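Below: one structure, written as structure tokens.
Throughout, read-outs are computed from the coordinates displayed, never taken from laboratory work. Quick caveat: nothing in here was measured; it's all calculated off a predicted structure. All Cβ positions, glycine included, derive from the backbone under ideal geometry; neighbour counts span all protein chains shown.
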Amino acid sequence: MIHPDTFVQPTDRGMGLFASRDFARGEILWILDDHDIKIDLDTFETIDEKQKVKFNIYGYLDFQKRVIVPWDEGKYVNHSCDPNSTGLLQYDNVSLALRDIKAGEEIVEDYGSYFGHFESFECRCGSPNCRGLISEHHKFKADLRINLKDISDRLKSFDQYLLRIETFENREFLKVLEAVEVSA
């Protein structure tokens, strides 16, 4: 589920997701919910190639080898080699602000931070560290994610709107967050 304080508008790359208010580093912007599409990889491989096109554009592969496609505007998060949003190292299906994000700014992630990504394209993000080709064959780059131990205090310092919603994924994430507290 995408944070409700976001909106979609056209960009030079198609549609993009934007912040409608300022977000601080550590605020949760998206978390997998009970309505998102989750297809195990074996089933995904049997889908007709023409039908896979949309899954390839809007989906990603998570650590559990499920193809995830957000049901809401979360699917419009574009790639950038200079992201302002990323996932956690210990929990795959949550995105949070990597740095402060200003109202009106596009929310972007580095697709290299995804366990698996299905499309290849020429990146035009304009970042000084732009990699050029973003390949579906890239290797997962764990260093693009935030270690939960490094951000857990900050993450807990906000009223995390998305965690107030009762879902299976939120319960699982809260268990992971609690385990980090216990081990700290």
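Among the residues of the range 137-157, those that are surrounded by fewer than 16 Cβ atoms within 10 Å (Cβ to Cβ) and touching a residue at least 60 places away in the same chain (Cβ under 8 Å) comprise Arg154, Ser157. Taking the range 124-166 as the range and being more than 18 Å from the chain's Cα centre (by Cα), within 20 Å of Asn56 (Cβ to Cβ) and in a loop (DSSP other than H, G, I, E, B) as the test, the residues that pass are Arg124, Arg131, Gly132, His137. Taking the range 99-117, which residues are touching a residue at least 60 places away in the same chain (Cβ under 8 Å), surrounded by fewer than 24 Cβ atoms within 10 Å (Cβ to Cβ) and in a loop (DSSP other than H, G, I, E, B)? Matches in the range 99-117: Arg99, Asp100, Lys102, Ala103, Gly104, Glu105. The set of residues in the range 77-111 that are among the aromatic types (Phe, Trp, Tyr) and within 22 Å of Ala24 (Cβ to Cβ) contains only Tyr91.
Scanning the range 7-61 for residues that are loosely packed, with under 14 Cβ neighbours inside 10 Å, in contact (Cβ under 8 Å) with a residue 24 or more places away in the chain and over 19 Å from Glu119 (Cβ atoms) yields Ser20, Arg21, Ala24, Asp34, His35, Asp40.
Considering the range 12-91, the qualifying strands (runs of 3 or more DSSP E), each wholly inside and each with 1 or more residues that are more than 14 Å from the chain's Cα centre (by Cα), run over 14-19, 37-40, 66-69.
Here's the yes/no breakdown for (1) acidic (Asp, Glu); (2) over 25 Å from Gly14 (Cβ atoms); (3) in contact with a Leu (Cβ under 8 Å, 6 or more places away or on another chain):
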site: Glu73; (1), (2), (3): yes, no, yes
site: Leu89; (1), (2), (3): no, yes, yes
site: Ser95; (1), (2), (3): no, no, yes
site: Ala103; (1), (2), (3): no, no, no
site: Val108; (1), (2), (3): no, no, no
site: Tyr111; (1), (2), (3): no, no, no
site: Tyr161; (1), (2), (3): no, yes, no
site: Val176; (1), (2), (3): no, yes, yes
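Among the residues of the range 125-134, which ones are exposed (fewer than 13 other Cβ atoms within 10 Å of the Cβ) and either touching a strand residue (DSSP E or B) at 6+ places or on another chain (Cβ under 6 Å) or at negative phi (or both)? Outline the logic, then answer.
Going residue by residue through the range 125-134, those that are exposed (fewer than 13 other Cβ atoms within 10 Å of the Cβ) are 126, 128-129, 132-133.
Scanning the range 125-134 gives Pro128, Asn129, Leu133.
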